[in-house]
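The values are calculated or read from the model by the stated rules, or taken from the named source; none is laboratory data. Note that this is a predicted model, so its numbers are computed, not measured. Cβ atoms come from the backbone with ideal geometry, glycine included; neighbour counts cover every protein chain shown. All accessible areas refer to the heavy atoms of the entire protein, side chains included, with ligands and DNA or RNA removed. Shrake-Rupley method; radii C 1.70, N 1.55, O 1.52, S 1.80 Å.
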Amino acid sequence: MSDTTSTIPKSSEVLIIGGGIAGITAAWFLNKAGVEVTVCEKGSISGEQSGRNWGWIRQQGRDRAELPIVMESMRLWQEIADELDEDIGYRRAGSLYLCENDAEMANHDHFMAFAPTCGLDSARLNRKQLEALMPGCPARWQSALYTPDDGRAEPSLAVQAMARTLTGRGVRIIENCAVQQILTQNQRVTGVLSEHGEIRASSVLCAGGAWSTFLLKPCGIRLPQLTVKASVARTAPAPLLFNGNASGSKVSFRRRLDGGYSVASSDYLEIFPSMAHLQFLPDFVALMTTSWRKLRFRIPELTIDGNFTRHRSLNPIPTAKTVARIKSRLADRMPAFAGIELVEAWSGMIDALPDLVPVLDRAERVDGLWISTGFSGHGFGIGPGAGKLMANLIQGNAVDYDLDRFRLARFSDGSKLELGPAI
Ligand SMILES: Cc1cc2nc3c(=O)[nH]c(=O)nc-3n(C[C@H](O)[C@H](O)[C@H](O)COP(=O)(O)OP(=O)(O)OC[C@H]3O[C@@H](n4cnc5c(N)ncnc54)[C@H](O)[C@@H]3O)c2cc1C
């Protein structure tokens, strides 16, 4: 990876804005197809959501339209992991949604009505089956939804390792290079204006995460986005209770490659609408109505707008109260972890769209402009599937998925939005 102005090319067949998992996996598959590709990243590779998430790679609990893409993603994660020089921690050790009562289990009925017909081996476990899978599982959890071949990987390693491999294959990945503007002429993309100069390109992919709305606005595209702060901590190495991902109503944890767990409160998210986001609040009424219990409004601590060099990589800090909440939840719900130290805590800004599913589409009014963004808290797992899909679309190849649900126009053509499962 490089960050010097001397490496700024004059042109590239495809220019990708954003070095998170959406941008880097699209670059991965474009490069495989022999397409010349350049990635501009305003800060460092995976410095935002893609390097800060829980590391769940789950099919379980997915929106129906996302499911085939994430199922393909599982295979692609393995394919990519096999081509990297280092272990990124990709393991298929399963996901558990832990339930305290029948009502919690009933929340998964909608998913279970279609998941098995899509070929997924998700199952409802009773207490005995759960205990067999997680010996010593606290008695409060009576049952669980289980998908044995769900996966996990290390966000702090995965996308950076992919980017290093791509660099070795000749892909230009330029850090500290903010794209200031997507350039167009006669409603056709001509390239981008980066902070280090213009790069001509006949195709541009916007994969800017929480910043996408501000990249697209000057092109006349309205993308209603909100940024939602989510906080995580990691424990010191701890006894093996479950080797995959597990989540109850109050606490979630995921086994890490280093023998610890990434842990978080399941029911606590903070919304930070900056001035530029206030116009989108009406788009989010349905989401707020269903999720008000876990959402808190906060005064913005970071300004996310059209100034792309103000925060090179968004680094929101979890408050002491948030970390204390994670700690007490863990001790309360998982007594086996009570004495285990939390050695680090961090936060990330999730890019939520009103219906909690991403936009995977071309911009109708600007030829050559593609959009892969708004993964709404679950883009890490589906990343390689989405990356391959976008690489195919950009090349003009047919894809096997029904992408209607991921249209950009759903926010402007009067469509009734259907809320996806959860952030
Ligand atoms: C705390 C937390 C937990 C999560 N847990 C999970 C999980 O367990 N499983 C899961 O599947 N998902 C999870 N997610 C969501 C997941 O991390 C994201 O959906 C995914 O990483 C989004 O990837 P992205 O590439 O679209 O965005 P990002 O990773 O945010 O990348 C966008 C990049 O674009 C760059 N950029 C923006 N504007 C410009 C510009 N003008 N010029 C150049 N570069 C620019 C940014 O600097 C950034 O690096 C979680 C997210 C958080 C925050």
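General remarks:
- For the stretch 116-188 versus the stretch 246-276, the inter-centroid distance based on Cα atoms is 14 Å.
- Percent breakdown of C-alpha pair distances by 10 Å bin, ordered from the shortest bin, for the stretch 215-265: 22, 35, 15, 17, 11, 1
- Longest to shortest principal axis, alpha-carbon extents of the stretch 302-423, angstrom: 55, 34, 29
- Cβ-based charge dipole, the stretch 155-221, positive-most Cα from 191, 214, 166: 166
- Long-range amide H partners of residue 93 with built H, under 5 Å: 152
- Protein heavy-atom accessible surface, 1.4 Å probe, per residue over the stretch 216-301: 40 Å².
- For the stretch 380-423, the spread of Cα coordinates along the three principal axes comes to 30, 24, 15 Å, biggest extent given first.
- Accessible surface ranking for 40, 219, 1.4 angstrom probe, highest first: 219, 40.
- Net length gained if the chain between residue 107 and residue 121 were fully extended (0.36 nm per residue, minus Cα distance): 3.3 nm
- Average accessible surface area per residue within the stretch 161-213, 1.4 Å rolling probe, Å²: 38 Å²
- Apportionment of accessible area to carbon and sulfur, the stretch 199-334, percent (1.4 Å): 58 percent
- In the chain, the longest principal axis of the Cα atoms and the axis of helix 320-333 are about 40 degrees apart.
- Both numbers refer to the Cα atoms of the chain; Rg and Dmax are 20.7, 65 Å.
- The charge dipole of the chain, taken about its Cα centre with unit charges on the Cβ atoms of Lys, Arg (+1), Asp and Glu (-1) only, comes to about 820 debye.
- Surface per residue (accessible, 1.4 Å probe) for the stretch 330-423, Å²: 38 Å²
- Panel note: the C-alpha atoms of the stretch 1-152, placed on their principal axes, show extents of 62, 31, 26 Å (largest first).
- Solution diffusion estimate, µm²/s, Stokes-Einstein, the stretch 151-250, Kirkwood Rh from C-alpha pairs, 20 °C, viscosity 1.002 mPa s: 122 µm²/s
- Largest to smallest in accessible area, the residues 32, 42 fall in the order 32, 42 (1.4 Å probe, all protein chains included).
- Remark: for residue pairs 217/250; 42/229; 32/416; 42/327; 327/388; 32/294, the C-alpha separation exceeds 31 Å in 217/250; 32/416; 42/327; 327/388; 32/294.
- Put a dot 7 Å past the Cα of residue 299, heading toward its Cβ, do the same for residue 415, and the two dots end up 3.8 nm apart.
- Over all directions, the projected convex hull of the C-alpha atoms in the stretch 227-330 averages 8.2 nm² in area.
- Percent carbon-and-sulfur accessible area, the stretch 56-175, ignoring ligands, DNA and RNA, probe 1.4 Å: 49 percent
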